[in-house]
Amino acid sequence: MTHMVENVSRRGVLKGAGIIGGLVLTAPLVSKGLMAAIKKASGQLEASNYLSISEDGTVNIYIHRVEMGQGSRTGLPQIIADELDADWSRINFVAAFGDQKFGDQNTDGSTSIRKFYDTFRHAGAAARMMLEQAAAEKWGVSADQVMAKEHRIHNKATGKSADYSEFVAAAAELPVPDATKVSYKAKADRRYIGKSVRNIYMKDFVTGSSQFGQDVRREGMLYAVAKRPPVVGGKLTGYNKEAAMAVKGVVDVVELPVFEKPIMFKPLGGLAVLATNTYAAKKGLEAAAPEFEAGDNGGYDTAEYEKILWQAIDGEDVNHLKRGDVDTALANAVTVVEADYFVPHLHHAPMEPPAATAEWQGDTLRMWVCCQDPQSVQDTVAPYVGLKPVQIHVEATLLGGAFGRKSKPDFAAEAAILAKHAGKPVKMVWTREDDMQHSYYHTISAQRVKGALDVDGRVTAWKHKTAFPSIFEIFDPRTEGPVAMEMGLGLLDIPFETPNLQVDAGKARGHVRIGWMRSVTNIQHAFALGSFVDELAHAGGKRTDDMWLELIGSDRMIDPAKDGADYSNYGETLDRHPVDTARLKAVLKKAVEMSGYGKEMPKGHGLGISVHRSFVTYVANVVEVVVGDDGRLSVPRAWVAADCGLAVNPDRVKAQMEGAVVFGTSIALHGEITAKDGRIEQSNFDGYPVCRIEESPHVEVAILETTGVPGGVGEPGVPPVAPAITNAIFAATGNRIRRLPIGHQMTA
Amino acid sequence: MDFKINGRAISYDGDGEMPLLWYLRDLAGMTGTKFGCGAGLCGACTVHVDGMAVRSCQTWMDDVEGTEVTTIEGLGTGDMLHALQIAWAENNVPQCGYCQSGQIMQAASLLADNPNPTDEDIDMAMSGNICRCGTYQRIKKSIRDVADGKIKGGKL
Ligand code: FES
Ligand code: FES
């Protein structure tokens with residue numbers, strides 16, 4: 001990646017943020033390949049789209065990524081502040097609105113730190129060097145005679161120092177040093193990178209003053225709730241407008257535009273009620289009693305659909321990776337082990353249901369949305385209100401969790417349509433029932449794995465087939481099952497040295513909206529991988545950790561292309577983020593050491609282990625379960641060893657790993673969305689339980705920092721959890737769980 | 001009918017069946033109390049009515065006549081925060097933060113009733129409060145820290 005910084009005109013964001021005068025650096029916009037920019041504008045130093053310094057020395061950091069619990073709005077500023085050697089208390093944290101100039105704002109795929117680390121570091125370092133140079137010129141010394149530290153420039157010879165504000169105006173006249181000329185701080189000198197800086201929103205969180213999408217209020221605002229067709233592609237057929245209007249507080253009843261394929265992020269249609277408060281809107285909607293016809297997907301029944309998936313597993317193979325000759329190896333094996341795994345649809349269920357507020361201001365539309373990507377809100381909303389995306393000003397509020405759901409802004413389009421209709425600001429409130437019944441669900445999947453063992457219990461072949469409806473079908477209806485990107489999440493980088501390896505997909509079509517959920521298809525793939533290694537270990541008479549180490553084999557970098565795979569490596573090059581088996585083994589060994597895996601356990605107790613690389617981060621899990629005589633299951637403890645390269649904020653990395661264990665435990669124990677007659681059967685936390693405090697394990701986390709390059713953090717903790725739990729159940733009881741959720745399988 | 005929110009006198013003459021949650025959020029503009037499920041299943045909307053933790057989504061306006069309602073905004077006094085609020089910050093409990101108003105209100109009522117709860121007492125009292133981000137072990141630690149006197153109220 002090249003780092004270029006050049007002069008451009010001063011950016012609107014600064015005017016928008018009301019900042020006048022200072023220094024602004026623009027570093028490259030990595031994801032969309034845009035150029036960096038700088039402008040010497042009225043004495044303000046503009047070091048980047050992400051950084052400016054005002055004349056009073058205030059450092060303005062424009063945080064283009066959203067905050068949904070992963071800590072990016074604290075972690076990204078840490079990077080700039082560190083290289084700039086800024087005083088944290090003099091930073092003005094500006095939540096940036098949606099604008100292409102910020103590059104990729106889609107806060108998704110565990111990318112915020114890993115994709116923007118270099119850019120933010122460069123911005124901070126470049127601004128620091130400009131301030132140093134300005135000081136050197138003013139003091140008539142060479143640049144190596146001065147040094148920036150704690151928001152001051154120090155003259156090494158005289159010991160004299162002065163605040164950054166003294167040099168902002170002069171620094172703003174200087175060219176921005178490019179990446180080849182920028183010097184970065186030594187690791188030992190870091191003040192913020194690698195430190196557990198407290199979340200910038202902490203006080204707001206604990207006093208209830210933080211603003212989430214559901215909390216937005218505008219003068220004269222109406223509240224909207226809607227009933228959408230319960231089946232995707234269904235249509236509104238009738239409703240009682242008078243009854244709704246008779247409810248006190250109801251202002252209007254509005255038909256939403258009819259939904260048409262492709263699914264994309266389009267709103268689903270249906271009926272909305274506008275009222276002066278949410279309660280009145282809900283009552284009005286109930287009185288309106290909208291009715292719907294089902295349409296094409298009215299026959300979708302997940303129990304029946306499972307049979308179709310197994311037919312796909314039995315049927316045509318679409319090959320994605322091939323090494324050696326698995327079929328011959330299986331035919332010659334001393335022992336063949338075969339197992340089928342099933343994972344149902346899942347739902348994100350963020351604590352905050354989706355919400356969006358829209359307000360027209362002349363010809364432009366202002367929106368406040370708990371979205372993962374404000375630019376995608378612009379693009380999704382624009383055609384519904386006859387505007388260009390740039391005419392829509394979108395602020396991403398705080399998100400009360402998201403896990404992938406809020407990167408699909410169907411709900412934002414509803415708010416915009418209704419605000420246009422009403423001529424007033426409208427907040428579109430999704431209820432929990434709406435959230436559960438109109439999600440972009442994690443796919444439903446079947447997998448079959450076959451393994452060949454030789455006389456020494458060594459694995460000579462691994463054959464893996466997966467079938468599930470693809471996310472990509474929502475964009476391209478012709479998609480028939482897994483695409484390479486989805487296969488790449490866990491199956492194309494299988495880290496085994498076995499001479500014979502084959503990965504195939506089976507075709508499948510979707511009948512609900514399929515979307516990405518925290519760690520995506522790694523969920524089912526890691527479940528099958530982690531379970532099957534355990535099965536092979538037992539078949540081969542080995543400890544599971546030993547079987548993992550044997551399968552992984554020598555220390556090496558894996559290139560899946562050598563086996564014919566189209567592997568995307570989470571959008572990273574293999575040079576920067578190799579698939580490194582030594583790191584995988586290291587986290588596995590660490591988790592074993594932390595947990596004492598392999599030791600004798602009391603009756604009814606079991607330890608299970610699994611390990612997985614995803615989002616270029618390596619995570620191993622050991623989980624302890626306790627199974628009572630009646631089959632009652634509890635998961636008291638878990639140990640996580642994670643190697644995410646550089647951990648910019650170690651406490652947030654730990655917190656993400658702790659949370660991922662709880663999220664993964666919810667998947668393993670409870671997660672199941674089912675459909676009947678095309679309708680989702682679950683509607684709230686009674687039908688779709690998630691782990692509560694007494695069910696959630698106590699998690700101990702170790703961070704192994706092996707490189708200086710940050711990997712993903714928000715998602716990679718999830719995949720190894722479910723197989724570690726089911727393996728622990730096997731260790732405790734001999735009962736092998738091959739379908740999720742565990743649910744009542746233990747007591748049935 | 002009359003009642004109090006965080007010490008302030010309120011009179012209300014609207015629909016008696018309106019859940020307190022929507023009164024607080026939409027009519028009073030106090031959005032610290034969160035909407036999570038609307039069905040008594042998640043605890044995000046927890047407030048105190050006469051010192052007792054209740055789910056405001058399941059509490060009608062008729063029910064609060066003559067009572068003192070306390071919300072997260074009124075748990076501390078001005079800048080002086082409740083010990084639990086400090087403990088939450090010290091232990092970096094919140095991830096997304098959305099459930100935490102309800103968690104803190106529930107925990108405050110637990111400690112008011114039972115200043116030295118066992119781990120089982122904590123599990124039992126907090127079981128109705130979902131945290132989808134999975135911050136439970138830090139919630140437990142924070143409650144313990146306050147119960148053990150390690151963390152006191154103050155400024156943040
Ligand atoms: S919103 Fe009241 S319990 Fe969930
Ligand atoms: S912190 Fe996100 S739901 Fe609890």
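The values are calculated or read from the model by the stated rules, or taken from the named source; none is laboratory data. Quantities reported herein were computed from a predicted structural model and do not represent experimental measurements. Here the Cβ is made from the backbone with ideal geometry for all residues, glycine too, and neighbour counts use every protein chain on show.
Among the residues of the range A:142-193, count how many are surrounded by 14 or more Cβ atoms within 10 Å (Cβ to Cβ), assigned to a loop (DSSP other than H, G, I, E, B) and not acidic (Asp, Glu).
To start, the set of residues in the range A:142-193 that are surrounded by 14 or more Cβ atoms within 10 Å (Cβ to Cβ) comprises A:145-148, A:151-155, A:161-172, A:174-179, A:182, A:184-185, A:190-193.
Okay, now just the ones that are also assigned to a loop (DSSP other than H, G, I, E, B), so A:151, A:172, A:174-179, A:182, A:184-185, A:190-193.
Next, from what is left, pick out any that are not acidic (Asp, Glu): A:151, A:172, A:174-177, A:179, A:182, A:184-185, A:190-193.
The qualifying residues number 14.
When you go through (1) surrounded by 20 or more Cβ atoms within 10 Å (Cβ to Cβ); (2) outside any helix (DSSP H, G or I); (3) away from ligand 1 (no atom under 16 Å from the Cβ) one by one for B:Cys131, which number turns out not to apply?
Against the list (1) surrounded by 20 or more Cβ atoms within 10 Å (Cβ to Cβ); (2) outside any helix (DSSP H, G or I); (3) away from ligand 1 (no atom under 16 Å from the Cβ), B:Cys131 comes up short only on (3).
Test each condition in (1) basic (Lys, Arg); (2) at the interface with another protein chain (Cβ under 10 Å from one of its Cβ atoms); (3) under 29 Å from A:Arg432 (Cα atoms) for B:Lys155 and report the one that comes out false.
Only one criterion is unmet by B:Lys155, namely (3).
Go through (1) within 16 Å of ligand 1 (Cβ to nearest atom); (2) hydrophobic (A, V, I, L, M, F, W, C); (3) more than 13 Å from chain A (Cβ to nearest Cβ) one by one and return the number of the condition B:Ala112 breaks.
(1)
Out of the residues in the range B:70-86 meeting the condition of being among the hydroxyl-bearing types (Ser, Thr, Tyr) and more than 10 Å from every other protein chain (Cβ to nearest Cβ), tell me which one is surrounded by the most Cβ atoms within 10 Å (Cβ to Cβ).
B:Thr70
Cβ-Cβ distance below 6 Å, separation of 6 or more or different chains: which pairs start in the range A:202-230 with a residue that is facing chain B (nearest Cβ under 7 Å) and touching a residue at least 60 places away in the same chain (Cβ under 8 Å) and end on one that is small (Gly, Ala, Ser) and surrounded by 23 or more Cβ atoms within 10 Å (Cβ to Cβ)?
Listed by first residue and then by second, the contacts come to A:Ser210/B:Gly97; A:Phe212/A:Gly400; A:Gln214/A:Ala355; A:Tyr223/A:Ala275; A:Tyr223/A:Ala281.
For the range B:33-44: of the residues being surrounded by fewer than 24 Cβ atoms within 10 Å (Cβ to Cβ) and on the phi < 0 side of the Ramachandran plot, which is nearest to the chain's Cα centre (by Cα)?
So the residue we want is B:Leu41.
Do any strands (runs of 3 or more DSSP E) lying entirely in the range A:212-257 carry at least 3 residues that are under 18 Å from B:Arg25 (Cβ atoms), and which ones are they?
On the way: elements: A:222-227, A:235-238, A:250-256.
Counting at least 3 such residues, we get A:222-227.
Residues that are near ligand 1 (Cβ under 10 Å from one of its atoms), at least 1 per element: which strands (runs of 3 or more DSSP E) completely within the range B:31-85 meet that?
Numbers: elements: B:46-49, B:52-55, B:68-70.
It comes to B:46-49, B:52-55.
Considering only the range B:15-30, how many residues are crowded, with 16+ Cβ neighbours inside 10 Å and either part of a loop (DSSP other than H, G, I, E, B) or of a type in the set (Lys, Arg) (or both)? Steps first, answer last, please.
Just the residues of the range B:15-30 that are crowded, with 16+ Cβ neighbours inside 10 Å, to begin with: B:15, B:18-28, B:30.
Those still in the list that are either part of a loop (DSSP other than H, G, I, E, B) or of a type in the set (Lys, Arg) (or both) too: B:15, B:18, B:25, B:28, B:30.
Matching residues across the range B:15-30 total 5.
For the range A:251-267, which positions are touching a residue at least 60 places away in the same chain (Cβ under 8 Å) and among the β-branched types (Val, Ile, Thr)? Before the answer, list the steps.
Here is the first cut: in the range A:251-267, the ones touching a residue at least 60 places away in the same chain (Cβ under 8 Å) are A:251-252, A:254, A:256-257, A:261-267.
Within the range A:251-267, A:Val251, A:Val254, A:Ile263 qualify.
Just the residues that are more than 28 Å from A:His442 (Cβ to Cβ) and either within 13 Å of another protein chain (Cβ to nearest Cβ) or not acidic (Asp, Glu) (or both), please, taken from the range A:393-416. Let's see the steps before the verdict.
If we filter the range A:393-416 for residues that are more than 28 Å from A:His442 (Cβ to Cβ), which is where we start, we get A:393, A:395.
If the condition is that a residue be more than 28 Å from A:His442 (Cβ to Cβ) and either within 13 Å of another protein chain (Cβ to nearest Cβ) or not acidic (Asp, Glu) (or both), then A:His393 is the only one that fits.
So B:Ala89 clears everything in (1) surrounded by 19 or more Cβ atoms within 10 Å (Cβ to Cβ); (2) within 15 Å of ligand 1 (Cβ to nearest atom) except one condition, right? Which one?
Just one mismatch for B:Ala89, condition (2).
Give the number of residues within the range B:16-32 that are in contact (Cβ under 8 Å) with a residue 24 or more places away in the chain and more than 7 Å from every other protein chain (Cβ to nearest Cβ).
The number of residues fulfilling the criteria is 7.
A:Met264 passes all but one of (1) surrounded by 18 or more Cβ atoms within 10 Å (Cβ to Cβ); (2) more than 11 Å from chain B (Cβ to nearest Cβ); (3) not polar (S, T, N, Q); which number fails?
Exception for A:Met264: condition (1).
So that you can scan it fast, the table gives a plain yes or no per residue for (1) within 21 Å of the chain's Cα centre (by Cα); (2) away from chain B (no Cβ under 14 Å); (3) crowded, with 24+ Cβ neighbours inside 10 Å:
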{"residue": "A:Cys691", "(1), (2), (3)": "yes, no, yes"}
{"residue": "A:Glu694", "(1), (2), (3)": "no, no, no"}
{"residue": "A:Val701", "(1), (2), (3)": "yes, no, no"}
{"residue": "A:Leu704", "(1), (2), (3)": "no, yes, no"}
{"residue": "A:Ile725", "(1), (2), (3)": "no, yes, yes"}
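Among the residues of the range A:342-382, which ones are at pLDDT 95 or above, farther than 30 Å from A:Arg692 by Cβ and part of a strand (DSSP E or B)?
A:Thr357, A:Ala358, A:Glu359, A:Trp360, A:Leu365, A:Arg366, A:Met367, A:Trp368
For residues that are in contact with a Leu (Cβ under 7 Å, 6 or more places away or on another chain) and surrounded by fewer than 23 Cβ atoms within 10 Å (Cβ to Cβ), scanning just the range A:375-392, find the one that is nearest to the other protein chains (Cβ to nearest Cβ).
Once the filter is applied, the top-ranked residue is A:Val385.
Select from the range B:12-40 the residues that are aromatic (Phe, Trp, Tyr) and closer than 19 Å to A:Met221 by Cα and write down the one among them that is farthest from ligand 2 (Cβ to nearest atom). Break it down into steps so the answer makes sense when it comes.
To start, the set of residues in the range B:12-40 that are aromatic (Phe, Trp, Tyr) comprises B:12, B:22-23, B:35.
In the following step, the residues that additionally are closer than 19 Å to A:Met221 by Cα were identified as B:22-23, B:35.
Numbers: B:Trp22: 21, B:Tyr23: 23, B:Phe35: 13 Å.
If we take residues in the range B:12-40 being aromatic (Phe, Trp, Tyr) and closer than 19 Å to A:Met221 by Cα, then B:Tyr23 is farthest from ligand 2 (Cβ to nearest atom).
Among all residue pairs at least 6 apart or on different chains, which show Cβ distances below 7 Å where the first residue, located in the range B:92-108, is more than 8 Å from chain A (Cβ to nearest Cβ) and within 17 Å of B:Val47 (Cβ to Cβ) and the second is assigned to a helix (DSSP H, G or I) and small (Gly, Ala, Ser)?
Pairs found: B:Gln106/B:Ala125.
Evaluate the following for B:Ile143: is it more than 8 Å from chain A (Cβ to nearest Cβ), closer than 22 Å to A:Ser210 by Cβ and not in a loop (DSSP other than H, G, I, E, B)?
Working: more than 8 Å from chain A (Cβ to nearest Cβ): yes; closer than 22 Å to A:Ser210 by Cβ: yes; not in a loop (DSSP other than H, G, I, E, B): yes.
The answer is yes for B:Ile143.
Step by step: first the residues of the range B:45-69, then only those that are buried (at least 21 other Cβ atoms within 10 Å of the Cβ) and touching a residue at least 60 places away in the same chain (Cβ under 8 Å), then the one that is nearest to ligand 2 (Cβ to nearest atom). Which residue is that?
B:Thr46
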